[in-house]
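Student: One structure coming up, written as C-alpha cells, with questions to follow.
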C-alpha cells in the first residue's frame, strides 16, 4: 500500500471511528471528551494507528452505559479480504468473545458486507434474547447523519417515559406513527421493536413541534 493510499485510509477510519463514538454517546454510553475518544486529534490517531502496524483490530472498543456499568457494548472492526464479504467464522469468533466477557451487544463495522450465510447467522442470533449484533458498512459512518441541518432532534424514550406518554394521551402503542427499524436514524440510535422516539422540529408558529414514532419491523 502506497503512502497516499495509507493516508486516505487512515483519514477515512478516523472519521468512521468518530461517528461511532458520537453514536455511542447519543445512545447513553460513556465516551470520554479526551484524546482517548471524541476529542482525539487526527494526527494523534494517525500516529497511534501506524504504530499498531495498520491493524483494524486495534480499533476495537468496549464501552458501558453511563447509568449501568453492566450494560456494555463492543465495537469490532474485523480484518477483511479486500472487496470480499465477511463470512461466518469471524462472526462466531466475536460471538464467543462476547460470551466470554459477558457482553450481549456488539456493533460490527465492515468495508464490504456479509456473505448470505453470515447474514442468516446474524438474523438467527438477533432473533433470540441472548445477544445482539448490529452490522454497519463503513460508507454509512463516514458522516454522522444526525448532524445534518435537515435532521431534527431525536430522543429515545425510556420504558417509563413511553408508559407516561401513552397514559397522558390515552393512546395505544399501535396508534403512534411508525418508524422502521431499518430507517437510518433508527439504526443510528439502535432502536428495536417497541422503542419510541421523540422528534423535535423547529416551528415558525409554536417555536417547536414535537412528534413521537414507534419503532417497528
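Student: Checking the conditions here, which among 177, 116 is modelled with pLDDT of 95 or more and assigned by TED's automatic domain parsing to the domain that holds residue 18? Full working, then the answer.
Tutor: Details: 177 fails: assigned by TED's automatic domain parsing to the domain that holds residue 18.
Answer to the selection: 116.
Student: Answer with yes or no whether residue 190 is in contact (Cβ under 8 Å) with a residue 60 or more places away in the chain, surrounded by 12 or more Cβ atoms within 10 Å (Cβ to Cβ) and under 19 Å from the mean Cα position of the chain (by Cα).
Tutor: Values: in contact (Cβ under 8 Å) with a residue 60 or more places away in the chain: yes; surrounded by 12 or more Cβ atoms within 10 Å (Cβ to Cβ): yes; under 19 Å from the mean Cα position of the chain (by Cα): yes.
Yes.
Student: Identify the single condition in (1) in the same structural domain as residue 71 (by TED's automatic domain parsing); (2) farther than 30 Å from residue 80 by Cα that residue 149 does not satisfy, given that it satisfies every other one.
Tutor: (1)
Student: Restricting attention to segment 203-217, report how many residues are in contact (Cβ under 8 Å) with a residue 40 or more places away in the chain and closer than 15 Å to residue 152 by Cβ. Steps first, please.
Tutor: To start, the set of residues in segment 203-217 that are in contact (Cβ under 8 Å) with a residue 40 or more places away in the chain comprises 212, 214.
Right, trim to closer than 15 Å to residue 152 by Cβ and you get 212.
Count: 1.
Student: Return only the number of the condition from (1) surrounded by 16 or more Cβ atoms within 10 Å (Cβ to Cβ); (2) at pLDDT below 95; (3) within 24 Å of residue 184 (Cβ to Cβ) that residue 150 does not satisfy.
Tutor: It is condition (1) that residue 150 fails.
Student: In addition: Restricting segment 135-157 to residues that are part of a strand (DSSP E or B) and touching a helix residue (DSSP H, G or I) at 6+ places or on another chain (Cβ under 7 Å), which is farthest from residue 94 (Cα to Cα)?
Tutor: First, pick out the residues of segment 135-157 that are part of a strand (DSSP E or B): 135-137, 153-156.
Adding the requirement that they be touching a helix residue (DSSP H, G or I) at 6+ places or on another chain (Cβ under 7 Å) leaves 135, 154, 156.
Values: 135: 13, 154: 31, 156: 28 Å.
Out of the qualifying residues, it is 154.
Student: Further question on the same structure: Return the residues of segment 89-103 that are on the phi < 0 side of the Ramachandran plot and either modelled with pLDDT of 95 or more or out of contact with any helix residue (DSSP H, G or I) (no Cβ under 8 Å at 6 or more places or on another chain) (or both); say none if nothing qualifies.
Tutor: The initial filter retains those residues of segment 89-103 that are on the phi < 0 side of the Ramachandran plot, namely 89-101, 103.
Across segment 89-103, the qualifying residues are 89, 90, 93, 94, 96, 97, 98, 99, 100, 101, 103.
Student: Test each condition in (1) outside the structural domain of residue 11 (by TED's automatic domain parsing); (2) surrounded by 14 or more Cβ atoms within 10 Å (Cβ to Cβ) for residue 200 and report the one that comes out false.
Tutor: Failed condition: (2).
Student: If I ask for residues that are surrounded by fewer than 15 Cβ atoms within 10 Å (Cβ to Cβ), more than 11 Å from residue 24 (Cβ to Cβ) and out of contact with any helix residue (DSSP H, G or I) (no Cβ under 6 Å at 6 or more places or on another chain), which ones from segment 64-80 would you list?
Tutor: 67, 68, 69, 70
Student: In segment 106-118, what residues are surrounded by fewer than 18 Cβ atoms within 10 Å (Cβ to Cβ) and not in a helix (DSSP H, G or I)? Step through it out loud before you land on a result.
Tutor: Pass one, segment 106-118, residues surrounded by fewer than 18 Cβ atoms within 10 Å (Cβ to Cβ): 112-113, 115-117.
Of everything in segment 106-118, those that are surrounded by fewer than 18 Cβ atoms within 10 Å (Cβ to Cβ) and not in a helix (DSSP H, G or I) turn out to be 112, 113, 115.
Student: Go through the residues of segment 158-178 one by one and say whether even a single one is surrounded by 12 or more Cβ atoms within 10 Å (Cβ to Cβ), closer than 13 Å to residue 212 by Cβ and in contact with a helix residue (DSSP H, G or I) (Cβ under 6 Å, 6 or more places away or on another chain).
Tutor: No, that holds for no residue.
Student: Consider residue 183 carefully, then state whether it is within 17 Å of the chain's Cα centre (by Cα), without any contact (Cβ under 8 Å) to a residue 12 or more places away in the chain and either loosely packed, with under 14 Cβ neighbours inside 10 Å or closer than 16 Å to residue 23 by Cα (or both).
Tutor: Working: within 17 Å of the chain's Cα centre (by Cα): yes; without any contact (Cβ under 8 Å) to a residue 12 or more places away in the chain: yes; either loosely packed, with under 14 Cβ neighbours inside 10 Å or closer than 16 Å to residue 23 by Cα (or both): yes.
It is true that residue 183 is within 17 Å of the chain's Cα centre (by Cα), without any contact (Cβ under 8 Å) to a residue 12 or more places away in the chain and either loosely packed, with under 14 Cβ neighbours inside 10 Å or closer than 16 Å to residue 23 by Cα (or both).
Student: Identify the residue in segment 36-63 that is touching a helix residue (DSSP H, G or I) at 6+ places or on another chain (Cβ under 6 Å) and surrounded by fewer than 16 Cβ atoms within 10 Å (Cβ to Cβ) and, among all such residues, is nearest to residue 82 (Cα to Cα).
Tutor: Of everything passing the filter in segment 36-63, 52 is nearest to residue 82 (Cα to Cα).
The values are calculated or read from the model by the stated rules, or taken from the named source; none is laboratory data. All values reported here derive from a predicted model rather than from experimental measurement. Every residue, glycine among them, receives a Cβ derived from its backbone with ideal geometry; neighbour counts consider all protein chains shown.
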